[in-house]
Amino acid sequence: MPTVTVLQAPRSVELKRELVKQITDAFVDAYKIPAETVTVWIQEAPADSWGSAGKLTVDK
């Protein structure tokens, strides 16, 4: 039972639905497993809670 974790900035529900569908489809195709066995976790972090190159994303 694969579990995929996606850490990202907030996105719309519509985009998250499509992401979960495409990730699930990729595992079904690659591993030849039922879609019901694939779990996708989406964790969202606001722009003021992460950064790169020494700056918060909200400040870029």
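The values are calculated or read from the model by the stated rules, or taken from the named source; none is laboratory data. Since we're looking at a predicted model, the values are computed, not measured. Quick reminder, even Gly has a Cβ in these numbers, built from the backbone with ideal geometry, and neighbours come from all protein chains shown. We work out accessible area using only protein heavy atoms, side chains counted, and drop any ligands, DNA or RNA first. Shrake-Rupley method; radii C 1.70, N 1.55, O 1.52, S 1.80 Å.
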Review point. Pick from V38, V28, V13: which is most flexible by mean-square fluctuation in a GNM of the chain where alpha carbon atoms under 10 Å apart are linked?
Key: V13
**Study point:** Probe 1.4 Å, protein heavy atoms only - accessible area per residue of the chain in square angstrom
**Key:** 76
Point to revise | Estimated [θ] at 222 nm from DSSP helical runs (n ≥ 4, -39500 (n - 2.57)) normalised by residues in the chain, nearest 500 | key: -11000 deg cm²/dmol
Check your understanding: What label, among [x] 43, 22, 13; [y] 49, 17, 10; [z] 36, 24, 15, belongs to Cα extents along the principal axes in Å computed from the structure on display?
Key -> [x]
Practice item. Quick one: compute the contact order of the chain, relative version, from alpha carbon pairs under 8 angstrom and 6+ residues apart, as a percent. Key: 43
Exercise for review: May I ask you to list the lysines whose Cα is less than 21 Å away from that of K32, ignoring any residue fewer than eight positions away on the same chain?
Suggested key: K21
Revision key, fill the gap. Rounded to the nearest 5, the percent of DSSP beta bridges in the chain running antiparallel is 25
**Study point:** Partner aspartates and glutamates for K60 [C-alpha distance under 12 Å; skip if fewer than 8 residues away on the same chain]
**Key:** D48
Review point. Which net charge results when you count Lys and Arg as +1 and Asp and Glu as -1 among the other residues whose beta-carbon is under 10 Å from that of I42?
Key: +1
